[in-house]
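Just below is one structure, and these are the notes that go with it.
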Amino acid sequence: MKEPLVLKFQGHDVRVIEVNGENCIPAEDLGRILGFSEPRKSVNNIFNRYRDEIEPHSSVINLMTEAGLREVRVFNETGAYLVAMFARTPKAKEVRLWLASLPKRLREFREAVRRQMPAFTLEDVRRVVREEMAEVRQEIELARKMAFAEGIKAGIEIVRRYEKNHLRPYPAHFLSEVLSLGGVLSNRQIARLTGRSARAVSRARKLFAELGVEPEAFQLPLFQKSGFPRLEMN
């Protein structure tokens, strides 16, 4: 359901809602312009009295009101005209004349809205898409560089820790495997998969925990791109 159009009738707002391709008016709005003191109740009374004639031209929809989302009866152009015809209020004749010209009013309203909207050509759309894609690419590249820099920073700190402790050689992929598998496998399982000792795995995981390094920040491709040396561990 599209956003309601709001037309005016003698100072009153009249919502026109498109329902199943038809222009419909809520019972509340119709009763108000007909001059009823209890708009919705009075229109519903007319509906119930002439139900066999009016019901085919009405439906019930969910509509946002001041009291929240409510089920509201609406009438298409024919149904609204029938309600106005059965109403016995001083305003009924004026409302019927207004409803008779409703299709023309809606066309004029929509045409006025269309004229106020800027005209976009296909090239305009393509240009906007290109600009948006360029911004997206820049953001992705910046995020990639930031992630790479964070990975290098963490890697350098780990290299320093290993070198400081005079640790024996371990390839970078071993550290990557410890990080990526540490959340799901035990030290012994990782040791069997990597061909290292459970003690080596335990020490590597302990070091990562001390540094607060996450698996995503320290994957094997990052080591390879950064050209890290083989790391040492006792």
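The table for this structure:
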| item | result |
| --- | --- |
| Condition check for Val6: touching a residue at least 12 places away in the same chain (Cβ under 8 Å) and part of a strand (DSSP E or B) | no |
| Failed item in (1) assigned to a helix (DSSP H, G or I); (2) over 20 Å from Lys93 (Cβ atoms), with Val83 passing the rest | (2) |
| Any pair with Cβ under 6 angstrom, 6 or more apart, that starts in the stretch 82-105 at a residue that is of a type in the set (Phe, Trp, Tyr) and ends at one that is not in a helix (DSSP H, G or I) | Phe86/Tyr50; Trp98/Phe9 |
| Check on Thr89, touching a Pro at 6+ places or on another chain (Cβ under 9 Å), more than 18 Å from Pro4 (Cβ to Cβ) and outside any strand (DSSP E or B) | no |
| Given (1) at pLDDT 85 or above; (2) over 29 Å from the mean Cα position of the chain (by Cα); (3) surrounded by fewer than 16 Cβ atoms within 10 Å (Cβ to Cβ), index of the condition Ile61 fails | (2) |
| Some residue of the stretch 152-172 being surrounded by 14 or more Cβ atoms within 10 Å (Cβ to Cβ), assigned to a loop (DSSP other than H, G, I, E, B), modelled with pLDDT of 70 or more and of a type in the set (A, V, I, L, M) | no |
| The stretch 50-79 residues that are farther than 28 Å from Leu97 by Cβ, paired with ones that are surrounded by fewer than 16 Cβ atoms within 10 Å (Cβ to Cβ) and basic (Lys, Arg) (beta carbon under 9 Å, 6 or more apart) | Asn62/Arg70; Met64/Arg70 |
| Filter result (more than 30 Å from the chain's Cα centre (by Cα), under 17 Å from Glu77 (Cα atoms) and in contact (Cβ under 8 Å) with a residue 60 or more places away in the chain) within the stretch 9-29 | Phe9 |
| So Val74, is it hydrophobic (A, V, I, L, M, F, W, C) and in contact with a strand residue (DSSP E or B) (Cβ under 6 Å, 6 or more places away or on another chain) | yes |
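The values are calculated or read from the model by the stated rules, or taken from the named source; none is laboratory data. Predicted model, so just to flag it, every value in this text is computed and none were measured. FYI the Cβ positions are ideal-geometry reconstructions off the backbone, even for glycines, and counts take in every protein chain you see.
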